[in-house]
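Enquirer: Quick one: structure below, then a few questions.
The values are calculated or read from the model by the stated rules, or taken from the named source; none is laboratory data. Predicted, not measured: the structure shown is a model, and the values here were computed from it. FYI the Cβ positions are ideal-geometry reconstructions off the backbone, even for glycines, and counts take in every protein chain you see. Just so you know, the surface numbers come from the protein's heavy atoms only, side chains and all, with ligands and any DNA or RNA stripped out. Shrake-Rupley method; radii C 1.70, N 1.55, O 1.52, S 1.80 Å.
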Amino acid sequence: MYRAVLCLITVAAFAAPNPSDDFYHAIRANDLTQLRTLISNKANIDIKDRHGATPLMYAAAVGSVDAVKALDVDAPAIVPLIAPPPPPPPPPPPDASQARMEAPGAIRVSGESQQAKLVKQVPPVYPEAARQAGTSGIVRLGVVITKEGRVRDIRVMTGPGRDLDAAAMQAVSQWVYQPTLLNGEPVEVVTTVDVNFASSGQ
């Protein structure tokens, strides 16, 4: 009889801590808002009641799982696993009209200005298949003219079709220009050349 009464008094004493302590009031009332406010205000979460129990121990004893989670500030934080965003796709390769003419030290000259320095112009051969198909139009080429006036690095910028593009490149590769001088010295030139294919002939 006395042993049972003593056991009940011990449990009741542990379950009823000092009523002046705000932590224990919040735990007993299951007031998580008040509990979090106390923690955010840097209240002493290691305070002990007259039985030596901390708020965390008391919350565990009364079975308040939410209070235990709130008070267990030393537990490792749960960091959500968020996959990093995928890398951006690579830029598309430049098309022929955007291709840069690589000629270090060369100067850029308009096609109209460079046309005046043309000393040898081989006419293009109109492909018979393109003529029969009625394909016509202007092939614009990007070229580099060497210090000697020869044409190199020919690239199709725009054109009506492969047959005419190839015919224009074949002809222009044989063209010769007067050397372009800069401060009395010949320099390479980056320019454009237009070759016109008319359905009625050149």
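Enquirer: Go through the stretch 126-135 residue by residue and tally those that are surrounded by 12 or more Cβ atoms within 10 Å (Cβ to Cβ) and in contact (Cβ under 8 Å) with a residue 24 or more places away in the chain. Steps first, answer last, please.
Expert: First, pick out the residues of the stretch 126-135 that are surrounded by 12 or more Cβ atoms within 10 Å (Cβ to Cβ): 126-127, 130-131, 133, 135.
Among the residues that remain, those that are also in contact (Cβ under 8 Å) with a residue 24 or more places away in the chain are: 126-127, 130-131, 135.
Residues meeting the conditions: 5.
Enquirer: Could you tell me which numbered condition K120 fails, if it satisfies all but one of (1) open to solvent by 90 Å² or more (accessible area, probe 1.4 Å); (2) on the phi > 0 side of the Ramachandran plot?
Expert: (2)
Enquirer: Which pairs have Cβ atoms under 9 Å, sit 6 or more apart or on different chains, and link a residue in the stretch 99-119 that is farther than 14 Å from G149 by Cα to one that is open to solvent by 90 Å² or more (accessible area, probe 1.4 Å) and at pLDDT 90 or above?
Expert: Close Cβ pairs (under 9 Å, with a partner that is open to solvent by 90 Å² or more (accessible area, probe 1.4 Å) and at pLDDT 90 or above) amount to M101/R108; G111/R140.
Enquirer: Report whether or not V151 is over 16 Å from G105 (Cβ atoms), within 42 Å of the chain's Cα centre (by Cα), touching a residue at least 24 places away in the same chain (Cβ under 8 Å) and open to solvent by less than 40 Å² (accessible area, probe 1.4 Å).
Expert: yes
Enquirer: Can you tell me which residue within the stretch 188-200, out of those that are of a type in the set (S, T, N, Q) and assigned to a strand (DSSP E or B), is most open to solvent (accessible area, probe 1.4 Å)? Even if it seems obvious, please write down each step before you answer.
Expert: As a first pass, look at the stretch 188-200 and keep what is of a type in the set (S, T, N, Q): 191-192, 196, 199-200.
Right, trim to assigned to a strand (DSSP E or B) and you get 191-192, 196.
Values: T191: 7, T192: 48, N196: 88 Å².
Here the residue is N196.
Enquirer: Here are I82, I138: which of them is hydrophobic (A, V, I, L, M, F, W, C), open to solvent by 90 Å² or more (accessible area, probe 1.4 Å) and modelled with pLDDT under 90?
Expert: Numbers: I138 fails: modelled with pLDDT under 90.
Selected residue: I82, the only one of I82, I138 that is hydrophobic (A, V, I, L, M, F, W, C), open to solvent by 90 Å² or more (accessible area, probe 1.4 Å) and modelled with pLDDT under 90.
Enquirer: Report, ordered by the first and then the second residue, all pairs with beta carbons closer than 7 Å, sequence separation of six or more or different chains, a first member in the stretch 164-187 that is assigned to a strand (DSSP E or B), and a second member that is polar (S, T, N, Q).
Expert: Y177/Q114; P186/T180; V187/T180
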